[in-house]
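The values are calculated or read from the model by the stated rules, or taken from the named source; none is laboratory data. All values reported here derive from a predicted model rather than from experimental measurement. All Cβ positions, glycine included, derive from the backbone under ideal geometry; neighbour counts span all protein chains shown.
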Amino acid sequence: MGGGRGGVATSFEDADWVYAIRRGMRRDGRSLLLMPSEAYAYFTDEDLGSMIAYLKQLPPVDRELPKSKVRVLGRALLVADKMPLLSAEHTPTMGARKAVQPGPTAEYGHYLAGASGCTGCHSSDLSGGVANGPPGTPPPANLTPAALGSWTEADFFRLMRTGVRPDGRQISEFMPWRFMARMSDDELRALWLYLQTVPPKATTTAQ
């Protein structure tokens with residue numbers, strides 16, 4: 001068990017956790033930096049409560065981090081809207097969310113696509129194409145049936161478990177497949193079923 005001082009969360013009340021995770025901001029209204037709250041906003045109340053309960057029971061440790069600063073390049077990217085530094089500005093207002101029954105269904109896959117950040121990187125319609133990140137971020141893939149074409153469920157599972165496309169190419173490490181690989185078979189199957197229901201779209205191009 002740790003015996004350290006802990007971090008900022010030592011003084012958090014439940015509302016502070018909710019503001020940070022679901023809205024990407026502090027309780028005083030200031031935005032957090034690079035908090036993936038645009039995905040976490042989709043969490044059901046049950047899942048959000050489970051995450052907060054888990055975080056609250058972690059033992060405090062000593063780890064001092066330097067204060068976050070937005071330097072010249074970061075400010076330039078922020079002004080040009082090329083990097084979502086201010087999390088609150090890019091987080092949808094969702095409010096309370098009802099539970100979604102886990103299982104290998106398209107409905108649950110839709111939930112996972114939002115809560116796992118798929119729609120944050122690949123765009124809300126999953127047509128990909130436009131990178132949303134720092135310089136060097138590769139364009140995200142089009143995940144609609146228009147691009148997946150002849151992919152099978154087995155191809156999708158292989159990609160998510162190993163990071164390898166059907167043609168044998170390794171996908172970019174910007175795609176968090178190593179995290180997604182921890183999903184259960186039912187969760188991956190739910191995502192695959194959901195992708196089959198997405199309207200086909202041409203890959204989005206930058207304006």
### Task
Pairs only if they're at least six apart or on different chains, beta carbon under 6 angstrom, first in the range 1-29 and farther than 18 Å from ALA88 by Cβ and charged (D, E, K, R), second exposed (fewer than 11 other Cβ atoms within 10 Å of the Cβ) and modelled with pLDDT of 85 or more; list them, first residue then second.
ARG5/ASP62
### Task
Please give the helices (runs of 4 or more DSSP H) falling wholly within the range 9-71 in which 2 or more residues are charged (D, E, K, R) and surrounded by 10 or more Cβ atoms within 10 Å (Cβ to Cβ).
14-18, 45-56
#### Entry: Some residue of the range 105-117 being touching a Gly at 6+ places or on another chain (Cβ under 9 Å), assigned to a loop (DSSP other than H, G, I, E, B) and either farther than 18 Å from ALA39 by Cβ or of a type outside the set (Gly, Ala, Ser) (or both)
no
### Task
Being closer than 22 Å to PRO102 by Cα and either aromatic (Phe, Trp, Tyr) or under 17 Å from the mean Cα position of the chain (by Cα) (or both) is the filter here, so list the residues in the range 144-175 that pass it.
PHE156, PHE157, MET160
#### Entry: Qualifying positions in the range 30-50 - within 14 Å of ALA88 (Cβ to Cβ) and among the polar types (S, T, N, Q)
SER31, SER37
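Filter the helices (runs of 4 or more DSSP H) completely within the range 124-207 down to those with at least 1 residues that are closer than 20 Å to TYR42 by Cβ. Reasoning before the result, please.
Values: elements: 145-148, 153-162, 177-180, 185-197.
Once the helices (runs of 4 or more DSSP H) in the range 124-207 are filtered for at least 1 residues that are closer than 20 Å to TYR42 by Cβ, what remains is 153-162, 177-180, 185-197.
GLY6 - would you say it is surrounded by 11 or more Cβ atoms within 10 Å (Cβ to Cβ) and more than 22 Å from the chain's Cα centre (by Cα)?
Working: surrounded by 11 or more Cβ atoms within 10 Å (Cβ to Cβ): yes; more than 22 Å from the chain's Cα centre (by Cα): yes.
In short, yes.
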### Residue list for the range 148-207, filter: of a type in the set (A, V, I, L, M) and farther than 20 Å from GLU107 by Cβ
ALA154, LEU159, VAL164, ILE171, MET175, ALA181, ALA202, ALA206
### Query
Can you name the residue in the range 153-184 that is touching a Pro at 6+ places or on another chain (Cβ under 8 Å) and surrounded by fewer than 17 Cβ atoms within 10 Å (Cβ to Cβ) and, of all such residues, is nearest to SER123 (Cα to Cα)?
PHE174
